[in-house]
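Below: one structure, written as structure tokens.
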Amino acid sequence: MNVNQHTPMASPYGQPQPGYGQPTFAPLDSGYPPPYAPYNGPVSTYQPGVPPQGYSSFTTFPSKAAPANPVSELSSPLDLGHGRAPLNSGPPPVSAPQAYNQYGGHHQGDMQNGPPPMTQAPPRPVATQSYNQGTVNLSGPPTSYPQHYGPPPTMQHVTSQMGGMHINSGAPNAAVPGYAPPHSSQPPISTSFSAAPPASYTQALPPASSAPTQAPPSASQQYYGGGPPPNSQPPFSSSLPPASQQPFTSPAPPPPSNQQTFPAPLPHTYSAPPATQASSPSMSQPHQSFPPTQPACSTAPQGSFPPRAPPPTSSQYPPPTSTPSSQYPGPLPPQQQPPFPSGPHVPAPQMPPTSMCQSNHLPPGPQGLSGPPGTVPLQQQMPPPQPGMPGGYPPQQNGAFGQVRGPQPGYPGHYPSQPNYGAPAPAPGPPPPAQKRLDPDAIPSPIQVIEDDKAKSTEPFSTGVRGQAPPLVTTDFHVKDQGNASPRFIRCTAYNMPCTADMAKQSQVPLAAVIKPLAVLPHDETPPHLVDHGEGGPIRCNRCKAYMCPYMQFIEGGRRFQCGFCSCVTEVPPYYFQHLDHTGKRVDFYDRPELSLGSYEFLATVDYCKNNKIPQPPAFIFLIDVSYNAIKSGMVGIVCQELKTLMDRLPRENPELDSAVRVGFVTYNKVLHFYNVKSSLAQPQMLVVSDVSEMFVPLLDGFLVNVGESRQVIESLLDHIPEMFADTRETETVFGPVIQAGLEALKAADCAGKLFVFHTSLPIAESPGKLKNREDKKLIGTDKEKSLFQPQVSFYSTLAKDCVAQGCCVDLFLFPNQYVDVATLAVVPVSTGGSVYKYTYFQAQSDQERFLNDLRRDVQKPIGFDAVMRVRTSTGIRATDFFGSFFMSNTTDVELAGLDCDKAVTVEFKHDDKLSEDTGALIQCAVLYTSCGGQRRLRVHNMAVNCCSQLSDLYRNCETDTIINFLCKYAFRGILNNPTKSVRDTLVNQCAQILACYRKNCANPSSAGQLILPECMKLLPVYLNCVLKSDVLLPAADVSLDDRAYLRQLISCMDVSETHVFFYPRLLPLMKLESGSLPVAVRASEERLSKGGVYLLETGLHLFLWVGANVQQELLLNIFGTSSFSQIDASMTCLPILDNPLSQRLREMVESFRAQRSRYMKLMVVKQEDRSELIFRHFLTEDKSASGGASYVDFLCHMHKEIRQLLS
């Protein structure tokens, strides 16, 4: 599957990973449980041609209504209580050991996603070190935690423990699929009451901010042909009424005496109620008084299938009450201790690789709701062992809320060990009672946070207030520049910077800014003003060279100014002098953009030009591969035809005038063909250079021409190229000499410019930069994997340096049918500020629209050449690290041969001194570039942020989306030098450090069983999990190395809005579309899909239209023009134009989404239960992924364990 035509698939958490592991302990029965096993659970994957019999996917897609809840200002506490059984790092036993080979070894159907067997003790992960305030050590010696082994607990206890997870203001949580907890690091309270292990790694849930989701563990298993499975429940209709409400809290050891119960304003506290054994309190146990709990939703009783309402647009938790904490008297019998598999690990059986989430089934049973008032009994009796199941593992519940599915024929085993695939089903035992799983609606919902932000961002955002966090990137808002740069140009991770380096180190919150210097503003916002100071040039500080900006303080009647960055005093030149008013402001303050605005441009003088001479207008050179593959795919004909119209759309500064950009043309295979298209010629002339080892340009006059003058000759050439090479048999290509040719042409013309290279295959012809096929799937997941992301030869790095020196930017359009080594070919585009576009298995019919739209945008978009960017800061911090597509020859200057409106640079800051709360911190980004008209300009963006000496102020004013942008770029660069496993562990560790520091220093004292998240970071776990599951860090078996290298370089220069939708795609229900407003999105989980619905999923690179199998005829007629589900053409890439409001509105939505993104998103129609659904499911990021990535709920529990270990 390739990233362009199909979507990138997620990657496996399958291998044992430090950070998700067990504490180190002595060998037991000669084996060690591999870390993090049930955390990912074996994920069934799709096996071509071997569908599971008799099972229909999507039996239910309930959406869930959740009660609303006031959001606290700072915290989102979730309480899991001590009764919450911690995550089991050891996997459940399984039948038939299988060899594990993530990429090689097995064909796709054989792929096993569980962790490999371990024969030696896993190292103690870095992610779970003891946490010392102020001295966070990411790589120190691991701390070991003693283990205590008792009799293996029964499974029922686990489900009871996990099932009871509850958030004070949310709905009850059902049991987490497939968990068995590891023993805690403290001895059990007593042998009889070993059921609630003490807190050392009790899991917790995220804040209840909204309608969170988790994928239905089973809906994803695909079924081809045939009705629903015999034992399965009838499908849910699409909605469920709000459930009844019952408050409950969790038992745990008594809190320390100084612990305070949570006051009302902390709504996101999650607590875990214990399971009651029917209602008989048969044994005593310690109780814990808990903060006031909210009435919570109880699930609908088993077997009832009421209609369900779509997920609410805003979370509807009831406001916290002020009732006294209730005691929860339910007893826990001793045999309910969670099981802990000891002995050698046997890998999970292989599952057909269809599903992104885990499926497990068990027959429906009655749900007896008995117990003390205010309790929710979770399980009344132990389920009988099922045939083929080693015992003790809870049946995993599917996505339906309160519904459990019957076992499939041949799938008798409970999660996660499902043996006997395809075997006849053994006789079923008596149906066990239903169990609940952790309720996804009780954990923080991205959709809720997004909708809340939209609701409060109604006024224009004024940038005049220092340290004010802007609305989220998902909110549509208007910006008024009043002295700080618009968030469209700069977004920061924290708008309150810590005053000291120690405080920054303690919190581990990255201090960074994502800067998009040439961002295009909406039509209703004014682009930066151009300021011309004449021959004197821009006014600057004498010492630090910062440009005049609103932070300069004029003194001595306006004759001098004091720099806000370094405090140096500089004379004001006579031509710039102006008197001050009674407030000390210059009289012309509002007339000068550089004094009153955050962003503006200066016209640069000749001193700012290369070699002190005014630059020539830039040139565009088109270099077209004419080898056999390029001709056969139709690419050459399409490119030549399109270039004829694009000649009229070259970028220009004044829309009224012709573009000053000159153009040239080259074709190539093993040799290069240059074309003379001088206006005086009747026909173009071809000059062939066959000695590619010493590249030169065979003509100067007539190669780069003005389009207006040579139009006829150019059109004649573009008509002839496809005909000239129509019968070619040359399959080999060169690549290095092609870029050298363009570079030499720009040097000869003494101008900057851009090369558009259209290339199809691995350059194996004898020439500089020749490559060999080094794709080796055996290296995936090993320490040598990092070498596959590094360039194969150093030739291209040297060539890139030469290109940057000349201002030669390279954009590469790839049309591969096999491995082309993107990691090496992309070196020049990435280093020169260019772009890579990839169209794997290019087919003219289906991919032409996407390619042509990308090409048109790429040719027309605003761009600067020969750019240098420098970021200056006020005393106390400095820019230390940069991420993006550029070249750096020193530590301060970011050099870009080309800088377009889509490119963002992420900058990290470190302390070099103390900051002051009074003055704050200042950032100035200045970019010197040549415009497409040949004008040298300086664009300046200024940003002032607050400084704080209290950690609570830091955590109050962060932006999670920007933090994720920084972390993903940091991680994707890290895989060049580190194994992907250690990169993932570092990310988890840093996230745990951030949240543990908040819990330790800012949150109210509370039970260790609570996961308390800062209000502005409550989505950090869900978004970080999306990064960890991305194809770059955790690839599925069918994600190629080229796809991963392509995504890696693409994401490295994305801005915050692009990384947001890429990692957490937008899923919109289309059943009711109103003109003028978008429907409220639903969470990216299969559980949120209704069989009767149609949904649009946007990832920033792809658009999917998912059609449920039970969609009403009227809806199908309005969208597709057919009344039958079976007649929908799944190969269509554009919607039919129909004369009805729904069709019109849907097409408008698709076009507006495409207009917002830098890449054209091809539309893919996905019919429920069709093969293409596997690709679609990959983007439901709250669910388990086919490659072994954890679901949101599971990851949140894991994150809580990490935080507790740091705190202990």
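Structure notes:
- Criterion (hydroxyl-bearing (Ser, Thr, Tyr), touching a strand residue (DSSP E or B) at 6+ places or on another chain (Cβ under 6 Å) and either within 24 Å of THR798 (Cα to Cα) or at pLDDT below 95 (or both)) met by exactly one of THR891, THR832, THR824: THR832
- Residue check for GLY742: small (Gly, Ala, Ser), within 33 Å of the chain's Cα centre (by Cα) and crowded, with 23+ Cβ neighbours inside 10 Å: no
- Test: residue in segment 900-909 that is out of contact with any His (no Cβ under 6 Å at 6 or more places or on another chain), surrounded by fewer than 19 Cβ atoms within 10 Å (Cβ to Cβ) and closer than 26 Å to THR798 by Cα: no
- Residues in segment 843-870 that are in a strand (DSSP E or B) and of a type in the set (Phe, Trp, Tyr): PHE865 only.
- Of the residues making up segment 758-773, not a single one is part of a helix (DSSP H, G or I) and open to solvent by 10 Å² or more (accessible area, probe 1.4 Å).
- Residue in segment 606-628 that is within 26 Å of GLN553 (Cα to Cα), among the polar types (S, T, N, Q) and open to solvent by 50 Å² or more (accessible area, probe 1.4 Å) present: no
- Applying the criterion of being among the charged types (D, E, K, R) and part of a helix (DSSP H, G or I) to the residues of segment 919-965, the residue that is farthest from LYS516 (Cα to Cα) is ASP953.
- Some residue of segment 687-707 being part of a helix (DSSP H, G or I) and of a type in the set (Gly, Ala, Ser): no
- Cβ separations smaller than 7 Å between residues 6+ apart or across chains give the following pairs from segment 549-561 residues that are in contact (Cβ under 8 Å) with a residue 60 or more places away in the chain to residues that are part of a loop (DSSP other than H, G, I, E, B): PRO550/GLY483; TYR551/GLY564.
- Filter result (polar (S, T, N, Q) and open to solvent by 20 Å² or more (accessible area, probe 1.4 Å)) within segment 458-484: THR458, SER462, GLN468, THR474, GLN482
- Hits in segment 1152-1208 (condition: basic (Lys, Arg), in a helix (DSSP H, G or I) and surrounded by fewer than 23 Cβ atoms within 10 Å (Cβ to Cβ)): ARG1154
- Residue-level check: of (1) open to solvent by 10 Å² or more (accessible area, probe 1.4 Å); (2) touching a Leu at 6+ places or on another chain (Cβ under 9 Å); (3) not hydroxyl-bearing (Ser, Thr, Tyr), ASN957 misses just (2).
Yes or no, residue by residue, for (1) open to solvent by 40 Å² or more (accessible area, probe 1.4 Å); (2) in contact with a Cys (Cβ under 7 Å, 6 or more places away or on another chain):
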| site | (1), (2) |
| --- | --- |
| GLN790 | yes, no |
| PHE795 | yes, no |
| CYS808 | no, no |
| VAL820 | no, no |
| THR832 | no, yes |
| SER846 | no, no |
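- Total residues in segment 1139-1181, condition within 23 Å of the chain's Cα centre (by Cα) and over 20 Å from PHE851 (Cα atoms): 12
- Taken together, the residues in segment 960-982 that are under 22 Å from GLN1205 (Cβ atoms) and open to solvent by 10 Å² or more (accessible area, probe 1.4 Å) amount to 2.
- In segment 847-901, residue farthest from LEU976 (Cα to Cα) [restricted to those that are in contact (Cβ under 8 Å) with a residue 40 or more places away in the chain and basic (Lys, Arg)]: ARG856
- Long-range neighbours under 6 Å by Cβ, at least six apart or interchain, first residue under 12 Å from GLU1169 (Cβ atoms) within segment 1083-1112, second among the basic types (Lys, Arg) and in a loop (DSSP other than H, G, I, E, B): GLY1108/LYS1091; ALA1109/LYS1091; ASN1110/LYS1091
- The sole residue among ALA1008, ALA996, ALA944 that is open to solvent by 10 Å² or more (accessible area, probe 1.4 Å), over 20 Å from the mean Cα position of the chain (by Cα) and of a type in the set (A, V, I, L, M, F, W, C) is ALA1008.
- So ARG559, is it surrounded by fewer than 20 Cβ atoms within 10 Å (Cβ to Cβ) and over 23 Å from GLY464 (Cβ atoms): yes
- Residue selection: GLU1114 satisfies the criterion of being outside any loop (DSSP other than H, G, I, E, B) and open to solvent by 20 Å² or more (accessible area, probe 1.4 Å).
- Residue list for segment 569-586, filter: open to solvent by less than 20 Å² (accessible area, probe 1.4 Å) and in a loop (DSSP other than H, G, I, E, B): VAL572
- The residues on offer are LEU687, LEU717, LEU699, and the sole one that is touching a strand residue (DSSP E or B) at 6+ places or on another chain (Cβ under 6 Å), open to solvent by less than 60 Å² (accessible area, probe 1.4 Å) and modelled with pLDDT under 95 is LEU699.
The values are calculated or read from the model by the stated rules, or taken from the named source; none is laboratory data. Just so it is clear, the structure is predicted and the values come from calculations on it, not from any experiment. Reconstructed Cβ throughout: ideal geometry from the backbone, glycine too, with neighbour counts over all protein chains shown. To get the accessible areas, we keep the full protein, side chains included, count just its heavy atoms, and leave off ligands, DNA and RNA. Shrake-Rupley method; radii C 1.70, N 1.55, O 1.52, S 1.80 Å.
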